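A.B. asks: There's a structure below that I have some questions on.
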2 protein chains.
Amino acid sequence: MLLNEYLASRQRLVDRALDDFLPRATTKPATIHKAMRYSLFAGGKRLRPILCLAAAEACGGSPESALHAACAVECVHTYSLIHDDLPCMDNDDFRRGKPTSHKVFGEGLAVLAGDALLTIAFELLAQATPRARYSTGALIRELTTAAGSRWLIAGQVIDLESEGKKVSGRELQFIHKAKTAALLTTSIRLGGMSANSTAPRLQSLNDFGQALGLAFQVIDDILDVTQTSEKLGKSAGKDAAAQKATYPSVFGLDRSRKEARQLTNNAHAALAPFGKNGARLHELADHLLVREY
Amino acid sequence: MLLNEYLASRQRLVDRALDDFLPRATTKPATIHKAMRYSLFAGGKRLRPILCLAAAEACGGSPESALHAACAVECVHTYSLIHDDLPCMDNDDFRRGKPTSHKVFGEGLAVLAGDALLTIAFELLAQATPRARYSTGALIRELTTAAGSRWLIAGQVIDLESEGKKVSGRELQFIHKAKTAALLTTSIRLGGMSANSTAPRLQSLNDFGQALGLAFQVIDDILDVTQTSEKLGKSAGKDAAAQKATYPSVFGLDRSRKEARQLTNNAHAALAPFGKNGARLHELADHLLVREY
């Protein structure tokens, strides 16, 4: 299967499962279920769930075996976007060209829609079939750690606290790791766990996820500086305008590019133990990382 | 053990466990962990966790066997208070005489502290030892259902949507069930599940929790109308001033009192199968419900 066909087929799988797993938009109270679905079906590329499914497949599992986990990470990702967009956080009115949740439903309901998506994420994960090496408890703890106050939420806290301030290289690396790499790595690890991966394979997936997540964010930062808005499909220089620290603003463009190349190499290298079973993950890494920067 | 001694000893148990389970206030990023602890240790009476422990004991379990579940429900309860108090929700500046989270830490951090407490609730529950009749998945699903978009969050949604509007008796009963009775019932059920309760016993605990939760809320509504602020320890008539629907405003005082008595009787009756093992739960029900109304 060509990569484009793979992406489309796995996205359909995830979209259908999310539609199945979420309460209908007519379930009472209807507003909250409409709001949950509005953000969940707002045109996301399903990057994290597709990585989750691909990791399960690389470990010899079926994509279906990882569907609950894949949908759980997408719900966590969507909740974090809704809350990050709130006026009291990043105050964004649009995301992917559509009005954000609080613009459509009001702030109170946006907070609650995020809460509900976070809650249902654990419900979905609790419905996943436990594997010989990975109990339901292990799956849940994997996600609570990545989504909790030491990673995903920590990243947003430091981001909030450092707005308009000078950020050190170490702080910036932590923000990237916490806000992007942690959930991305956990998406990939949960895929492996869903396929009952061995411990060494899970470690390889972990290293792959870390490198991929960081590389992805560094390249995003570079593109925000070097690309025109037209090419980017969103407002270029937005981070700079918001006085947000970025890789190029802290480390300079040259070092950022060098770092991106190094991380990309690390991501591919981590897949070595998978041999040809890692082909799809290599392809996905190229798809995400090979951009003109 | 006298009830007062029991309450004090179980509260100490819960407080110590929460202190153990939560990240230190110095764990980085410190602000979020300070904020989580600020609300969690703001003087709550630990009603839900104590009911959880008492239910486990009524089923022959040790209080320690239900500690993870007890702390999990307290984290969910605290998260819901933090988010409900936000300016975009009920906009409360004080709770139990202390400034609310967003007054101390700012709105952004209050949203995140709530998110983090909700997340850690599932982490704690995933650490509870599963029982022969109740898997980790069953425990998690119990809590996600009560805390999710059909109950706890649904109650807050309808509450938000009905402010200043005329509320029907059915809607009011749903709000009470969703906002108060659901999590209270689940606290009690999780206690029973932690002690590997039989299915009929769990059903009795369920009926007890429903009746207790509703009675508690109806009596609260009555007291808000009939008591002076001095006796109540908080501003009387607050609900009326906020044009919130209450039991007396919808059903009248007489019918409300009759309903409170009926629900209180139902709560006690539900405990019949426990015989003398239900003594502590009877006492707790009296403690919560026997007030001058």
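The values are calculated or read from the model by the stated rules, or taken from the named source; none is laboratory data. Please read these numbers as outputs of a predicted model, since none were measured by experiment. When we count neighbours, we look across all protein chains shown, and the Cβ atoms used for this are built from the backbone with ideal geometry, even at glycine.
A.B. asks: If only one of B:Gly209, B:Gly213, B:Gly191 is more than 13 Å from the chain's Cα centre (by Cα), of a type in the set (Gly, Ala, Ser) and in a helix (DSSP H, G or I), which one is it?
C.D. replies: Details: B:Gly209 fails: more than 13 Å from the chain's Cα centre (by Cα); B:Gly213 fails: more than 13 Å from the chain's Cα centre (by Cα).
It is B:Gly191.
A.B. asks: Out of all the residues in the stretch B:132-152, is one or more at pLDDT 95 or above, part of a loop (DSSP other than H, G, I, E, B), more than 22 Å from the chain's Cα centre (by Cα) and not hydroxyl-bearing (Ser, Thr, Tyr)?
C.D. replies: yes
A.B. asks: On to the next question. Go through (1) assigned to a helix (DSSP H, G or I); (2) modelled with pLDDT of 95 or more; (3) farther than 18 Å from A:Lys177 by Cβ and name the single condition A:Leu223 misses.
C.D. replies: (2)
A.B. asks: Taking the options A:Thr185, A:Thr119, name whichever one is away from chain B (no Cβ under 13 Å) and assigned to a helix (DSSP H, G or I). Before you say what the answer is, go through the steps one by one.
C.D. replies: Numbers: A:Thr119 fails: away from chain B (no Cβ under 13 Å).
Of A:Thr185, A:Thr119, the one residue that is away from chain B (no Cβ under 13 Å) and assigned to a helix (DSSP H, G or I) is A:Thr185.
A.B. asks: For residues that are surrounded by 15 or more Cβ atoms within 10 Å (Cβ to Cβ) and in a loop (DSSP other than H, G, I, E, B), scanning just the stretch B:12-24, find the one that is farthest from the other protein chains (Cβ to nearest Cβ).
C.D. replies: Result: B:Leu22.
A.B. asks: How about the stretch B:243-293: which of its residues are in a loop (DSSP other than H, G, I, E, B) and surrounded by 14 or more Cβ atoms within 10 Å (Cβ to Cβ)?
C.D. replies: Within the stretch B:243-293, B:Lys244, B:Ala245, B:Thr246, B:Leu271, B:Arg291, B:Tyr293 meet the criteria.
A.B. asks: If you don't mind, there's one more thing I want to ask. Taking B:Glu74 as the residue in question, decide whether it is crowded, with 23+ Cβ neighbours inside 10 Å and either more than 14 Å from chain A (Cβ to nearest Cβ) or at pLDDT 95 or above (or both). Spell out the reasoning first.
C.D. replies: Numbers: crowded, with 23+ Cβ neighbours inside 10 Å: yes; either more than 14 Å from chain A (Cβ to nearest Cβ) or at pLDDT 95 or above (or both): yes.
For B:Glu74, the condition - crowded, with 23+ Cβ neighbours inside 10 Å and either more than 14 Å from chain A (Cβ to nearest Cβ) or at pLDDT 95 or above (or both) - is met.
A.B. asks: Specify the residue that is surrounded by the fewest Cβ atoms within 10 Å (Cβ to Cβ); the eligible residues are those in the stretch B:25-49 that are outside any helix (DSSP H, G or I) and away from every other protein chain (no Cβ under 14 Å). Quick ask: steps written out before the conclusion?
C.D. replies: Taking the stretch B:25-49 and keeping what is outside any helix (DSSP H, G or I), we get B:25-29, B:41-46.
Still in the list and also away from every other protein chain (no Cβ under 14 Å): B:41-46.
Details: B:Phe41: 14, B:Ala42: 17, B:Gly43: 9, B:Gly44: 20, B:Lys45: 11, B:Arg46: 23.
The residue in question is B:Gly43.
A.B. asks: Moving to a separate point now. Suppose we filter the stretch A:153-165 for residues that are in contact (Cβ under 8 Å) with a residue 60 or more places away in the chain and more than 7 Å from chain B (Cβ to nearest Cβ); how many remain?
C.D. replies: Initial filter on the stretch A:153-165 (in contact (Cβ under 8 Å) with a residue 60 or more places away in the chain): A:156, A:159-160, A:162-164.
Among the residues that remain, those that are also more than 7 Å from chain B (Cβ to nearest Cβ) are: A:159, A:162-164.
Count: 4.
A.B. asks: Determine whether the stretch B:50-71 contains at least one residue that is outside any helix (DSSP H, G or I) and either within 22 Å of B:Met36 (Cβ to Cβ) or of a type in the set (Ser, Thr, Tyr) (or both).
C.D. replies: So in the stretch B:50-71, the residues outside any helix (DSSP H, G or I) come out as B:59-62.
Checking the rest, the ones that are also either within 22 Å of B:Met36 (Cβ to Cβ) or of a type in the set (Ser, Thr, Tyr) (or both) come to B:62.
Looking for residues that are outside any helix (DSSP H, G or I) and either within 22 Å of B:Met36 (Cβ to Cβ) or of a type in the set (Ser, Thr, Tyr) (or both), one finds at least one in the stretch B:50-71, hence yes.
A.B. asks: B:Gln127 passes all but one of (1) at the interface with chain A (Cβ under 8 Å from one of its Cβ atoms); (2) surrounded by 24 or more Cβ atoms within 10 Å (Cβ to Cβ); (3) of a type outside the set (Ser, Thr, Tyr); which number fails?
C.D. replies: Going through the list (1) at the interface with chain A (Cβ under 8 Å from one of its Cβ atoms); (2) surrounded by 24 or more Cβ atoms within 10 Å (Cβ to Cβ); (3) of a type outside the set (Ser, Thr, Tyr), B:Gln127 breaks only (2).
A.B. asks: When you go through A:Ala113, A:Ala69 one by one, which is the residue that is within 30 Å of A:Ser194 (Cα to Cα), surrounded by 24 or more Cβ atoms within 10 Å (Cβ to Cβ), within 11 Å of chain B (Cβ to nearest Cβ) and touching a Ser or Thr at 6+ places or on another chain (Cβ under 6 Å)?
C.D. replies: On the way: A:Ala69 fails: within 11 Å of chain B (Cβ to nearest Cβ).
The unique qualifying residue is A:Ala113.
A.B. asks: While we're here: Looking at (1) in contact with a His (Cβ under 9 Å, 6 or more places away or on another chain); (2) surrounded by 24 or more Cβ atoms within 10 Å (Cβ to Cβ), which is the one condition that is false for B:Phe122?
C.D. replies: (1)
A.B. asks: Now for a separate question. If A:Ala182 satisfies every condition in (1) closer than 30 Å to B:Glu142 by Cβ; (2) in contact (Cβ under 8 Å) with a residue 40 or more places away in the chain but one, which is the exception?
C.D. replies: That leaves (2) as the condition not met.
A.B. asks: Let me ask something else about it. Output the residues belonging to the stretch B:99-110 that are facing chain A (nearest Cβ under 8 Å) and more than 24 Å from B:Val157 (Cβ to Cβ).
C.D. replies: Correct list: B:Gly106 only.
A.B. asks: Within the stretch B:136-145, can you find the residues that are surrounded by fewer than 24 Cβ atoms within 10 Å (Cβ to Cβ) and not polar (S, T, N, Q)?
C.D. replies: Once the filter is applied, which keeps residues that are surrounded by fewer than 24 Cβ atoms within 10 Å (Cβ to Cβ) and not polar (S, T, N, Q), the stretch B:136-145 yields B:Gly137, B:Ala138, B:Arg141, B:Glu142.
A.B. asks: Looking at B:Met36 and the list (1) farther than 20 Å from B:Val111 by Cα; (2) more than 14 Å from the chain's Cα centre (by Cα); (3) not polar (S, T, N, Q), which single condition is not satisfied?
C.D. replies: Unmet for B:Met36, out of (1) farther than 20 Å from B:Val111 by Cα; (2) more than 14 Å from the chain's Cα centre (by Cα); (3) not polar (S, T, N, Q): (1).
A.B. asks: Residue under question is B:Ser194, and the condition is that it be among the hydroxyl-bearing types (Ser, Thr, Tyr), closer than 16 Å to B:Leu281 by Cβ, buried (at least 22 other Cβ atoms within 10 Å of the Cβ) and touching a helix residue (DSSP H, G or I) at 6+ places or on another chain (Cβ under 7 Å); does it hold? Full working, then the answer.
C.D. replies: Numbers: among the hydroxyl-bearing types (Ser, Thr, Tyr): yes; closer than 16 Å to B:Leu281 by Cβ: yes; buried (at least 22 other Cβ atoms within 10 Å of the Cβ): yes; touching a helix residue (DSSP H, G or I) at 6+ places or on another chain (Cβ under 7 Å): yes.
The answer is yes for B:Ser194.
A.B. asks: Starting from the stretch B:257-271, keep only residues that are under 21 Å from B:Leu223 (Cα atoms), then list their pairs with residues that are not aliphatic (A, V, I, L, M) whose Cβ atoms are within a distance under 6 Å, requiring at least 6 positions of separation or different chains.
C.D. replies: These pairs meet every condition: B:Ala267/B:Phe208.
A.B. asks: Does B:Ala285 satisfy the condition of being at pLDDT 95 or above and in contact with a His (Cβ under 9 Å, 6 or more places away or on another chain)?
C.D. replies: On the way: at pLDDT 95 or above: yes; in contact with a His (Cβ under 9 Å, 6 or more places away or on another chain): yes.
It is true that B:Ala285 is at pLDDT 95 or above and in contact with a His (Cβ under 9 Å, 6 or more places away or on another chain).
A.B. asks: Turning to a different aspect of this structure: Going through A:Arg170, A:Arg201, A:Arg150, A:Arg133 one at a time, which residue ends up being facing chain B (nearest Cβ under 9 Å) and either without any contact (Cβ under 8 Å) to a residue 24 or more places away in the chain or surrounded by fewer than 22 Cβ atoms within 10 Å (Cβ to Cβ) (or both)?
C.D. replies: Numbers: A:Arg170 fails: facing chain B (nearest Cβ under 9 Å); A:Arg201 fails: facing chain B (nearest Cβ under 9 Å); A:Arg133 fails: facing chain B (nearest Cβ under 9 Å).
Selected residue: A:Arg150, the only one of A:Arg170, A:Arg201, A:Arg150, A:Arg133 that is facing chain B (nearest Cβ under 9 Å) and either without any contact (Cβ under 8 Å) to a residue 24 or more places away in the chain or surrounded by fewer than 22 Cβ atoms within 10 Å (Cβ to Cβ) (or both).
A.B. asks: Search the stretch B:87-98 for residues that are within 14 Å of chain A (Cβ to nearest Cβ) and without any contact (Cβ under 8 Å) to a residue 60 or more places away in the chain and pair each with any residue that is assigned to a loop (DSSP other than H, G, I, E, B) and crowded, with 17+ Cβ neighbours inside 10 Å when their beta-carbon atoms are under 6 Å apart and the residues are at least 6 apart or on different chains.
C.D. replies: Every condition considered, the pairs that remain are B:Asp92/B:Thr100.
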